[in-house]
Ligand code: PGA
C-alpha cells in the first residue's frame, strides 16, 4: 500500500479530485466508484469546481455508488442518492443513465443486489474507486465480523457506523437505518485503482490496522493489502499511527 500523508484534508481532497479529472481526460468512459459520508465532501466540492472551470467533462463517465440505506427510496432526503444529488450530481454533467445506485427501497433486496453486480460486471468493473474507511475498519458497508461477502448484499450496520452516520440524520442515531445495501468485497478488490481517503484522529486506529495489521475480517479494509494498486491518502491526524514521510 502506498501511503501519503498530506498537510491538510483540503490538500488531499484537491489532489484526489485532480487525479480523478486526469483519469477522466485520459479515459472519458471511465467507470468510477463513489463513496458517501463525511470524507468525500471536499473531494466532490473540488470536482464541482474543476467542472465549472471547464477542466473535467463527466458526460461519458459511468458511476457506481458503493452503498445505500435499506428502506430509503432514492428521493428520501436521508438517502445516499439524495446526498449525491446535493453534493455532486446536480452540479456536474454526469448523464443520468450512467449513474448507478443500489435502490434501498427495492422490494427484494437480494434481487436488487444481483441486478447491481450484473450492471457493474457488464461495464467491466470499476476503473477508479474512491473509498473511505469506517473507524471500525469497514469499507463501503462491509462491516467487521466473522466473515465477509464477495457480492453486493444487505448488511446490518454496526453501532459505530450508525453513530458516524447520525450527522446526516440531525444527530439522532435512532433515525439512522439499521441496515444498508452495499457492494461486496469482490467489486472493491477488483477495481483497477483505489484511492482510500481517511481524515481525523478517529480514523487513525483503523488506518494502522488496515496498513500494518493482519489481514482479517475484523478489519475489512485490511484485505486491500492484497490489492496491487491502492493509495492511502491521509491527513496528519489519521496517519499518526504510521511512520511515513510527510508531504
Ligand atoms: P465517513 O465514513 O466518511 O462519514 O467517516 C467513511 C466510511 O464509512 O467509509
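From the list 129, 188, the lone residue that is in contact with a helix residue (DSSP H, G or I) (Cβ under 8 Å, 6 or more places away or on another chain) and part of a strand (DSSP E or B) is 129. If you check 167, 187, 191, 198 for being within 23 Å of residue 76 (Cα to Cα) and within 18 Å of the chain's Cα centre (by Cα), only one passes: 167. Number of residues in segment 107-127 that are more than 16 Å from the ligand (Cβ to nearest atom) and in contact (Cβ under 8 Å) with a residue 40 or more places away in the chain equals 12. Looking only at segment 13-68, which residues are in a loop (DSSP other than H, G, I, E, B), within 16 Å of the ligand (Cβ to nearest atom) and over 21 Å from residue 124 (Cβ atoms)? The answer is 36, 37, 38, 39, 40. Out of all the residues in segment 47-62, is one or more crowded, with 17+ Cβ neighbours inside 10 Å, in contact (Cβ under 8 Å) with a residue 12 or more places away in the chain, touching a strand residue (DSSP E or B) at 6+ places or on another chain (Cβ under 8 Å) and under 23 Å from residue 200 (Cα atoms)? Among the residues of segment 47-62, not one is crowded, with 17+ Cβ neighbours inside 10 Å, in contact (Cβ under 8 Å) with a residue 12 or more places away in the chain, touching a strand residue (DSSP E or B) at 6+ places or on another chain (Cβ under 8 Å) and under 23 Å from residue 200 (Cα atoms), which makes the answer no. Would it be correct to say that residue 85 is at pLDDT 95 or above, touching a helix residue (DSSP H, G or I) at 6+ places or on another chain (Cβ under 6 Å) and not in a loop (DSSP other than H, G, I, E, B)? So residue 85 fails the test. When the residues of segment 192-219 are filtered to those that are outside any helix (DSSP H, G or I) and within 15 Å of the ligand (Cβ to nearest atom), the one that is surrounded by the fewest Cβ atoms within 10 Å (Cβ to Cβ) is 200. Considered as a group, the residues in segment 150-169 that are within 16 Å of the ligand (Cβ to nearest atom) and in a strand (DSSP E or B) include one that is nearest to residue 21 (Cα to Cα), and that residue is 155. Taken across segment 188-202, residues that are more than 22 Å from residue 9 (Cα to Cα) and free of Cβ contacts under 8 Å to residues at least 40 places away in the same chain do occur, with at least one present.
Can you tell me which residues in segment 170-181 are part of a loop (DSSP other than H, G, I, E, B) and either farther than 24 Å from residue 207 by Cβ or more than 14 Å from the ligand (Cβ to nearest atom) (or both)?
Residues satisfying the conditions are 170, 171, 172, 177, 178.
Among the residues making up segment 1-12, a single one is closer than 17 Å to residue 129 by Cα and assigned to a loop (DSSP other than H, G, I, E, B): 1.
Scanning segment 128-149 for residues being surrounded by fewer than 20 Cβ atoms within 10 Å (Cβ to Cβ) and away from the ligand (no atom under 16 Å from the Cβ) gives a total of 3.
The values are calculated or read from the model by the stated rules, or taken from the named source; none is laboratory data. Keep in mind that what you see is a predicted model, and the values were worked out from it rather than measured. Glycine gets a Cβ as well: all are built from the backbone with ideal geometry, and neighbour counts include every protein chain shown.
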